[in-house]
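All of the numbers you see were taken from the coordinates with simple rules; none came from a lab. Here the structure is a predicted model, which means the values were calculated and not measured. Counting neighbours? That spans all protein chains shown, and the Cβs are built from the backbone with ideal geometry, glycine included.
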Amino acid sequence: MKKVITYGTFDLFHQGHLNILSRARKLGDYLIVGVTTEHFDEMRGKVNVIDSTLERIENVRKTGLADEIIIEDHEGQKIEDIQKYNIDIFTVGSDWMGTFDYLNNFCQVIYLERTPDISSTMLRKSRFQIINVGIVGTGRMAPRFLEEDKYVSGIHIVCAYNPERESGDLFREKYEIPVYHEEYQQFLDHVDAVYIASPNETHYGYAKQALQAGKHVLSENPVAMSKCDVEELYDLAEEKNLVLLEGIKTAYCPGFQQLLNTAQSGKIGEIKDVEACFTRLADVESRERTDAEFGGAFLEYAAYTLLPIFKLLGTQYKKVEIYSILDEKGMDLYTKIQLIYEQGMATAKCGVGVKSEGQLVIAGTNGYVLAESPWWLTRKYMVRYENPNVIDVFEPKFQGDGLRYEISEFASKINGLERNTYKLTKEEIVAMSEITEIFMEKRKKK
Ligand code: CTP
């Protein structure tokens, strides 16, 4: 019996898929089809697959062409499968020409001609309207957004806004995107959604006006400085059925989600302590070091360090204390936040003028999770135990600078029915704003 194997995502099942399965079936007597899992697709950078793994399997099954369906969930699996299932022929479409030649050592490799003019990517694009996005602020973050949005289908950047004419003009020249200066409302009229990457203190005003105008908002953190303002924005978004997402990039990284799952899987027992540290020395001339009102370590990085704490221990802490090392202007060079919970405790540390080991340690009753710098991108983490010889290492894939995962979440929430994301909830953002409020009160007093 000649056994054939083929693989694919088979998202939004289409004629091209049907054709390749039927041709693959004809190559032998028994066809095995490997369908990728969501996690595997995410890891290899296919970030906006629409159908769930089960739906995609069901669609392959309904063709009646597969004798057996298996799941593909990790790199290197093809070689394993070919040996395990005693495969004679491996086949895929001609778009993969050459990529799988290395499998010739294990079986025959055949590239079948791809059906022209159809693909899941095309269908995903035609299924949803293009989301026209405007960028507010043309500073450091805007070019990164422009770079990363290319990897998310359906997002189109149409214009930018910056009240400062000079820097706006430079941006327009370099990226060839129209930039509005005074007319924020006019800018809003041209977009379906905004990405807010302006200075911290302006996020709230821009976000509120955008939501009032019926536009979806993705804002750099913090979207507002007080709990009451944050709640107001979320209520407004809910009332208008709009997406409001805060840009704490780590929250959307697949590796970080995996780390949270590992920590909560029981492997390390009950979680008792979370320690997160993020420091990045800023130039003494930079905004982070010169803006006594809205600069400093806390406003830059506290949200990143509070994120794993709220995710793992919840937002219902019993007590919070904030300590800072200030410069002569009263701005925090280094801040430590200590949280006490009923069942545990946590420390968040951040710095722009003091350098420390940027790591995340999640301590449990059986062991601990350790993610070294840059844990906020989560490319690697390990689980360690009392026995120092036992170490489980995890190395999730991470693509680009990670912004694409955040943009992809934004697009999928705009296109989907569910407006909220479990990856970063309103409750978590509100809890962060509560702590921001305490910090800002202290700063005002000084
Ligand atoms: N395929 C094909 N003809 C097409 C589209 C896909 O023969 N027009 C084949 C691919 O070469 C692959 C299999 O179908 O062997 C599954 O491909 P998959 O990546 O799931 O489909 P695409 O439509 O190419 O998806 P995407 O646009 O997301 O890359």
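Do any GluC sites (Glu not before Pro) in the stretch 109-195 lie in a loop, going by DSSP, with at most 10 other beta-carbon atoms within 10 Å of their beta carbon, and if so which?
Here the sparse-neighbourhood loop sites are E176, E182.
Can you pull the one-decimal nm distance between simple spin-label points at D392 and Q15, each 7 Å off the Cα toward Cβ?
It is 4.7 nm.
Rg and Dmax of the chain over Cα atoms: what are they, in angstrom?
Gyration radius and largest Cα-Cα distance of the chain: 24.6, 81 Å.
Show me the ranking of peptides 435-442, 41-48 by mean Cβ neighbours inside 10 Å, starting with the highest.
Details: 435-442: 17.5, 41-48: 19.0.
With the highest mean Cβ count within 10 Å placed first, the list reads 41-48, 435-442.
Which order do the peptides 386-398, 407-419, 134-146, 281-293 take when ranked by the mean count of other beta-carbon atoms within 10 Å per residue, highest first?
Per-residue Cβ counts within 10 Å, averaged per peptide and sorted highest first, yield 134-146, 407-419, 281-293, 386-398.
Could I have the simple spin-label model distance between N104 and M382, label points 7 Å from Cα toward Cβ, reported in nm to one decimal?
For N104 paired with M382, the spin-label model returns 4.0 nm.
Among K150, K3, what is the fewest-to-most ranking by other Cβ atoms within 10 Å?
K150, K3
Please grab the % of Cα pairs in the stretch 164-255 that end up more than 15 Å from each other. Walk me through the intermediate numbers first.
Values: 2635 of 4186 pairs.
Value for the stretch 164-255: 63 percent of Cα pairs lie more than 15 Å apart.
Let's test this: bin the Cα-Cα distances of the stretch 1-88 at 5 Å from zero up to the farthest pair and state each bin's percent.
Spelled out bin by bin, the stretch 1-88 gives 3, 15, 26, 24, 20, 10, 2, 0 percent.
Label the stretch 316-446 by shape, choosing from rounded, prolate and oblate, from the square roots a ≥ b ≥ c of the eigenvalues of the Cα gyration tensor; if a/c is under 1.5 it is rounded, and otherwise prolate applies when a/b is larger than b/c, oblate when it is not.
Oblate is the answer for the stretch 316-446, as a/c is 1.5 or above yet b/c matches or exceeds a/b.
Tell me, what is the FRET efficiency for S167 and K26 to the nearest 0.05, using R0 = 60 angstrom and their Cβ-Cβ distance as r?
0.45
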